[in-house]
Structure formats: C-alpha cells, structure tokens
There are 2 protein chains.
Amino acid sequence: MNETATPRLIGLDWGTSSLRAYLLGDNGQIVDTRSQPWGILHTPEGDFAKAFRELVGDWRAQWPSVPAIAAGMIGSRQGWREVPYVDCPADVDSLAKGLLTFDSGCGELSLIPGVMQRGALPNVLRGEETQIFGALELEPALADHALLVLPGTHSKWATIRGSRLDHFSTYMTGELFAVLREHSILGRPAREESSEPSNDAFMRGLTNARESGAEGVIGRLFTTRSLFLAGDLPARHSLDYLSGLLIGEELRSVVASLKGAVCPPLVLIGDPALCRRYQDALAFFEITDVRLLEQATRTGLWRIACAAGLVTAATPSQEDTRHV
Amino acid sequence: MNETATPRLIGLDWGTSSLRAYLLGDNGQIVDTRSQPWGILHTPEGDFAKAFRELVGDWRAQWPSVPAIAAGMIGSRQGWREVPYVDCPADVDSLAKGLLTFDSGCGELSLIPGVMQRGALPNVLRGEETQIFGALELEPALADHALLVLPGTHSKWATIRGSRLDHFSTYMTGELFAVLREHSILGRPAREESSEPSNDAFMRGLTNARESGAEGVIGRLFTTRSLFLAGDLPARHSLDYLSGLLIGEELRSVVASLKGAVCPPLVLIGDPALCRRYQDALAFFEITDVRLLEQATRTGLWRIACAAGLVTAATPSQEDTRHV
C-alpha cells in the first residue's frame, strides 16, 4: 500500500472466475490492490454483499466518502444486479449514464453496463467495455480508428472510430478449445498423457487453418486425431496443434472480413502470455502493426468514474505539489 | 426369423455405442437380426469374447460352418483386435485382403479394416467403408462417380470414382454439437428448459451459416447466445438454431471445396431422421440431386465377405428355383 496517496475510488473487476479490487488515488494511480477467486460463479454462498464487505469493508470504513464502481459479470443476470446493456455505438458518456447505483449494504456501489450491438446478428459484451475505454485513455492515438482485440474464453474484436466503440465481434475460441480439450475425442490423447508446449505444433495448426482458405477449419479439426493416429503428431503436442487450428480459424475469419482492406492499428489487451500467442499468430497472418497493452481495466474504471462525476481528476496544482 | 432360408454368413456391425448382428442367407438376405447396446465403450466388463458368444453363440452352435465378419470400431486400437488400415484409394478387394481373422473362442471371426488417407492432412474411417461398398452394391450406377455422405458424430464425405473410394473428408459436426450442447454456454438455456423442435430455428441457423461466406461461422456461433439474450431466440429453439449453424458450416465448407464445379450425384447413408435433416440443408444450399439409402451396412458386410471368399453368391439355378 502507498501510504502517502489519498484514496479517491474503489474499483472492482468482478468477472466470472475472479474478483479484483483496486484502491485508486489521484489520476487513478494504484494505492492498493487485492484479489480473491470469488468470480460470480464462485462467490462463497453466492453472497455478493458479504464478499464485497469482506474484500473492501475496511477501505469503506476508513474512507467512507470514497465511491465504488464495478465492471464485469457482476452486472449480468447471474450477478448481483442486472444492469441493462447500453447500445452500440457506445462511448464513455453513454456508459457513465448507464451506471446502476445501489446500496450494497456497505455503501453505494455503481455497476458499469455492458454493451449490446443490435440487429440480425446481435452481439454483447460485459466487462470488456471498461478495458476498451481504459485502452483509449492510455493510448489516445487509438481513438480515431483502431482494432482492439481482447483474446480469451470469448475473444472480442472491437472497432474504434471517433472515440466510440463502433462495432464488435465475438469469437468463442477459448471456450471451443476448452470443451474440445476436456470433452471431445480430440483432447483424449492429451488427457491420457502429459502435455509439453510446442510452438512448432501451434504453428502447424495455424498453417493448416490459413491454408484452409474459404473452406475454413471445420473439415480439418479431425486432423488433430488423424495426425496422431498416423504417428505424425505426438499426444503431448496435440493441444498446441488444436490451439493453432482454432486461433488460426479466428484470424482467417477476421482477415476474410477485411475483404482486402488494410487492418487498422491493432492492440491486444489481456493475459500477457495469451496476447503474445495472438501476436505471433497475427504476424503469421501478416498483421504486424500490433501492440500489447496492460492495466486497461483499472484505467477504464477510473475513466468511467470520472465521466460519471463520481470522481474528478486531481487539479494541476495538487499534482504539481506532489511531484516537485 | 425366416425359417426356410439357409444361413450363409454372420455379419456384425460393432461400433462405439451399439452392436448389431445379422444372420444372412443366400445373396445376403436377412434371416435373423439381433442387437444390444454393447458398443465397444459399453461392452459389459469390456469382455468382447463373452459379448460375441452371448449374442451369436447359438447361431454358431446350430450352423458351425457359417463364417462371421465384423465391421466398425471393434477393429480399432480400443476394440478386440486392431486391424491395420488399408490405404486410400481403396476398393472392395483391398478391404477383403486386409481382413484380420482370428479365433474368437466361439469360432473364427474376420474383422474388416478401416481406411487411411495418407498425406499432410491424413484422414481415417472405420465402419463407414462397409456402408460405402454396401451402397455401391445396392446402387451400381454410383460406382463411376458419386459423393456418399454419412452424417453423424463424425460426418464422412466419400468421393467414389471407378468403383473405388477415391478420397474422403471428416466433419466433426455431430461431436461439436454434442460438446457445445452439454458443456458450453451456448447449451445452457436449453439445459435449463425443455427443448421443442423448430424447423424455423434450424433454417435460421443454416441461413446465417450460408451468409457467413468466406468468414465461416466461427464469429457467429456466439449468436446462439446473443440472440437469446436479445430476446430474439427462445431457449427451447436454441439447439435447433445451433444445429443449423453447424450443419450449415459443414455444407458451406463442402460447397467452397467444390470451387464452382457441379456436385456429383449425392447419396445420404445413415440414421433416416438425420439424413432428412441433411437433405433439407443440402436443398437450401441448392444441391438437389440427393438420395437416401438404407441397409448399406449389411449389404457391405455381405459384399466384402464375398470378395474375401468367405461366402459365394448363390448360383442362378438356386435363385431361379426359389423365385419361380
């Protein structure tokens, strides 16, 4: 804990599998942080109020006027309170207007809404909006036109135009990988033998996905099995091959959607190891204007809290005093 | 049981989930048939010899000189004896030469080999070879050039040229559907509510798959969830929508692989309800020269046993006597 800073905001990243709390000071700097494996599917007794009190109750007691804001699945139907989605295109102000503030039993808590893209093929996200607007705060040059990629269970590809979240897509790559690994014949050899990382196997999967062209990988998934049966893919490398096929299919599809247009500047946000894997895969698909960004969530929590008037950025004079 | 016919062959269709035995007479006509849910993953105590004896021991006792032949996963590494694959292209003679005959403890049993297509993207099948050569026996006009489709857990698309199995592909459509239904977020609404068949939802999934073009459905799978969240797809219809997306992706990929060439005459072999669903889907993709074929397995067992010299077709004079 940074003892000299003045707490200004309690920010929570409360997703499906984990809960992280930030105590933020002037300009959103980190004063303290805590986490628990209390994602909404794993909150003890499903008691969100108790989990909230246990994690941050002492902060609230010490600084009762500091507001609290939360992003993620805690605002979903399965969460504490359901926050209606705001419409896409969305900006930081529409998110701020969509906050749901309620009495948590331990002070007020404001939940950030997710975003719904309506139409024949609707799309939703919840939690990623906070990372997205955090990224735009960290890298203002992205605001004009950029592609933000948040790989994971459900990878989100968000197109930014004019400081707004203009459009987004969802690729269930991570969940597909997990269900195939755990429950399909493709994962069986690796379930019976220990795995060993193989970048070669990953690249081979990527290559097969790219070469599938307009057919896509649907007719090649089974090669994870047939290459093993033919003695040409060791069980211990089979999951990396499958990962290459699936991430390759995601990128093949995205490249096809560009229809020959140049890919805008691309930023990867999320788990660093997974982001590096995507960066390698993107390079293989000849998309090289790629950066990795961290700390997007807590910056987004701060940015949205500012837009909602929950906090105000420190005045220059305060800042000057501290840093000289 | 047909009491007047003379048994000539015991044929077994012994797959992953079920075991069916045919007692076949002259020209492969059915004399008797039996089945048990004793697929190789469900054989009591994993004792194949005992299961075989219990199912057909009385036939063997009554007609000790009648040979026995089996197709399917019973000849795989997880089965009774592993029968090496024969190479693709394959014909009925190469299958006959590849039979593995051994003492079952209840008379000799010959296992039919599967087929391996070698190369950078190998492929395997086991059991379908018997259906394929049964189909060619039932419909000799297919021998020149045809596309045989065996939908199921792993759909096989087999190209026939000059009476040979020339090439084949595997689409894991059925297994993908099953793991997504049982284990992914896409199946959750239907797992919590009862399903109701909806051809409209199936057609809607098909339509979205076809319209995905070169991008494929990887970025549209999540619409099974988002349409539900948007109130535009009832939970009870969501599985039919998902089925449409996945079967649609299989057909979209196959059509792309044709690269504009005319699809050869197409025959569907397998479960009649599933074959009709594929027939509807193929019509939506404008492939209309499609027939459904039944009884392919037992015809294939008979055909391969003939080619191996285990049985000989009845002489014309015998046939004439019976039918006049």
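Compute the distance from the alpha-carbon center of the stretch A:219-254 to that of the stretch B:262-313, in whole Å.
Here the answer is 29 Å between Cα centres.
Roughly how crowded by other chains is peptide A:249-261, in terms of the mean Cβ count from those chains within 10 Å of each of its Cβ atoms? Please report the intermediate quantities before stating the final value.
Numbers: counts 4, 3, 1, 4, 8, 3, 2, 6, 5, 1, 3, 0, 0.
Partner-chain Cβ atoms within 10 Å, mean over residues of A:249-261: 3.
Loop only by DSSP, 11 or fewer other Cβ within 10 Å of the Cβ. Give me the GluC sites (Glu not before Pro) in the stretch A:110-193 that pass, ordered by residue number.
Passing sites in the stretch A:110-193 do not exist.
In a Gaussian network model over chain B where Cα atoms closer than 10 Å are linked, find which of B:Asp200, B:Asp166, B:Asp13 has the largest mean-square fluctuation.
B:Asp200
Calculated FRET efficiency, A:Lys97 and A:Asp166, Cβ-Cβ r, R0 22 Å, to nearest 0.05? All intermediate terms of the calculation are to be shown ahead of the outcome.
On the way: r = 18 Å, r/R0 = 0.83.
The value I calculate is 0.75.
Spin-label point model (7 Å from Cα, Cβ direction): what's the A:Ser195 to B:Gln62 distance in nm?
Computed distance between label sites A:Ser195 and B:Gln62 equals 5.4 nm.
For B:Lys259, which lysines qualify as cross-link partners when the Cα separation must be under 22 Å and same-chain residues fewer than eight apart are set aside?
Partners found: A:Lys259, B:Lys156.
Determine the gain in length on full extension of the stretch B:Asp144-B:Lys50; use 0.36 nm per residue of separation and subtract their C-alpha separation, reporting nm with one decimal. Don't skip to the end; give the middle numbers.
Details: separation 94, 0.36 × 94 = 33.84 nm, distance 4.22 nm.
Stretched fully, the B:Asp144-B:Lys50 segment lengthens by 29.6 nm.
Quick one: net charge around A:Leu138, please, counting Lys, Arg +1 and Asp, Glu -1 for every other residue with C-beta under 11 Å from its C-beta. Show your work: numbers first, answer last.
Numbers: positive: A:Arg291, A:Arg298, A:Arg303; negative: A:Glu137, A:Glu139, A:Glu294.
That works out to 0.
Work out which trypsin sites (Lys or Arg not before Pro) in chain B are exposed loop sites (DSSP not H, G, I, E or B, at most 12 other Cβ within 10 Å) and give the longest gap free of them.
Numbers: sites that count: B:Arg77, B:Lys259.
The reported range is B:78-258.
Rounded to the nearest 0.05, what FRET efficiency do B:Ala214 and B:Ser17 give with R0 = 45 Å and r taken as the Cβ-Cβ distance? Could you check? Walk me through the numbers before you get to the answer.
Values: r = 36 Å, r/R0 = 0.80.
Calculated transfer efficiency: 0.80.
Assuming 0.36 nm per residue, please report the length gained on full extension of the stretch B:Gln295 to B:Ala261 beyond their Cα-Cα distance. Don't skip to the answer; put the middle values down first.
Working: separation 34, 0.36 × 34 = 12.24 nm, distance 3.02 nm.
Using 0.36 nm per residue and subtracting the Cα-Cα distance, I get 9.2 nm.
For chain B, what does -39500 (n - 2.57) per DSSP helix run (n ≥ 4), summed and divided by total residues, give at 222 nm, in deg cm²/dmol to the nearest 500? Walk me through the intermediate numbers first.
Numbers: 11 runs with 122 residues, N = 324.
That calculation yields -11500 deg cm²/dmol at 222 nm.
So how much slack lies between B:Arg276 and B:Glu82, counting 0.36 nm per residue of separation and subtracting their Cα-Cα distance, in nm?
Details: separation 194, 0.36 × 194 = 69.84 nm, distance 3.39 nm.
Extra length available between B:Arg276 and B:Glu82 comes to 66.5 nm.
Give me a comma-separated list of calculated 3J(HN,Hα) values for the stretch B:161-167, in order, Karplus coefficients 6.51, -1.76, 1.60 applied at θ = phi - 60°, integers in Hz, x for any Gly or Pro.
Running phi through 6.51 cos²θ - 1.76 cosθ + 1.60 with θ = phi - 60° gives 9, x, 6, 10, 6, 8, 6 Hz.
Counting only complete DSSP H runs, which helices of chain B cover 27 Å or more along their long axis at the Cα atoms and score a mean Kyte-Doolittle of 0.5 or above? Before the final figure, lay out the partial values.
Working: long enough: B:238-258 (30 Å, 0.82).
Span-like helices here: B:238-258.
Every read-out reported here was derived from the displayed coordinates using simple, explicitly stated rules and does not represent laboratory data. No experiment lies behind these values; they were computed from the predicted model shown. All Cβ positions, even for glycine, are placed from backbone atoms using ideal geometry, and neighbour counts span all protein chains on display.
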